Amino acid sequence: MKIAVYPGSFDPVTNGHLDIIERSSRIFDKVIVSILKNSSKAPMFSVEERLTLLRKVTRNLSNVEVDSFSGLLVNYLKQKEAEVIIKGLRAVSDFEYEFQMALMNNKLNPKIETLFMMTSSKYSYLSSSIVRELASLGGCLKELVPEEIIPDIHNKVRHARGGA
Ligand code: COA
């Protein structure tokens, strides 16, 4: 069974992430989308909330599992019996950092391959921080994140402002 892990922060999951999840689920027997816990980034959504959002948007993809991890990614892959890391590449600016990460992960465990998928051009400008900023300024999130989680994001912003 070919198992791949798609790691990231997913704070929140965007249509760009979902595009990569759907396409990789057609290539692998199982795709585990996994949220890094204890990231240095100050998140908008807790890990539990991000797990819920990811489960909501992937519920129709039967070979996609949603999980979280801490520590080294290569150790997590071993634990899950996976040998492939999936990453989305949006622009040349992603390349240098991703190249370094892929080489480091391969050095830590030579059995691990990183597979890069080109993010669909219509999402190449998208990032979770852009979505967070737009949401906090009251902008429209249509076509940027899956429809079913738009209310969750607006609610989060409202609560953060101390609203009902
Ligand atoms: N569509 C939209 N946005 C995308 C995207 C896509 N297809 N692909 C990436 N992004 C965005 C994310 O939304 C995120 O945006 P933000 O910074 O505005 O929030 C940004 O790209 C970075 O992606 P992120 O999901 O945060 O992942 P990352 O590249 O920072 O890496 C891990 C996260 C989990 C893969 C990495 O930190 C890791 O492996 N950590 C574990 C420790 C370890 O093993 N380190 C390696 C050896 S030392």
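Taking amide H atoms as placed 1.01 Å from N in the peptide plane, list the residues 5 or more away in sequence, or in a different chain, whose amide H sits under 5 Å from that of residue 68. Close amide H contacts, sequence-distant or interchain: 35.
Near residue 112, no amide H atom lies under 5 Å from its own; only residues 5 or more places off or on other chains count, and H is placed 1.01 Å from N. Among 138, 88, 16, which one shows the biggest mean-square fluctuation in a GNM of the chain, springs joining Cα atoms closer than 10 Å? Among 138, 88, 16, the largest GNM mean-square fluctuation belongs to 138. Only helical runs count toward this figure. For the chain, summing -39,500 (n - 2.57) over DSSP H runs of n ≥ 4 and dividing by all residues gives -12000 deg cm²/dmol at 222 nm.
Qualifying trypsin sites (Lys or Arg not before Pro) in the stretch 34-142, where qualification requires a DSSP coil assignment and no more than 14 other C-beta atoms within 10 Å, comprise 37, 41, 59, 111, 142. Lysine pair count for the stretch 60-164 with Cα-Cα distance under 30 Å and sequence separation of 8 or more or different chains is 13. Springs between Cα atoms under 10 Å define the GNM used for the chain, and in it the highest mean-square fluctuation of 117, 104, 44 occurs at 104.
Can you tell me the relative contact order of the chain? Whole percent, Cα pairs under 8 Å, sequence separation 6 or more.
The value is 28 percent.
Taking GluC sites (Glu not before Pro) as exposed when DSSP calls them loop and at most 11 other C-beta atoms lie within 10 angstrom, the chain has its longest site-free stretch at 1-80. Here the stretch 3-124 is treated with +1 on each Lys and Arg Cβ and -1 on each Asp and Glu Cβ, and its dipole about the Cα centre works out to around 100 debye.
Readers should treat all values here as calculations from the given coordinates under stated rules, not as data from a laboratory. On a predicted model such as this, the values are computed, not experimentally measured, just so you know. So basically every Cβ, Gly included, is an ideal-geometry build from the backbone, and we count neighbours across all protein chains shown.
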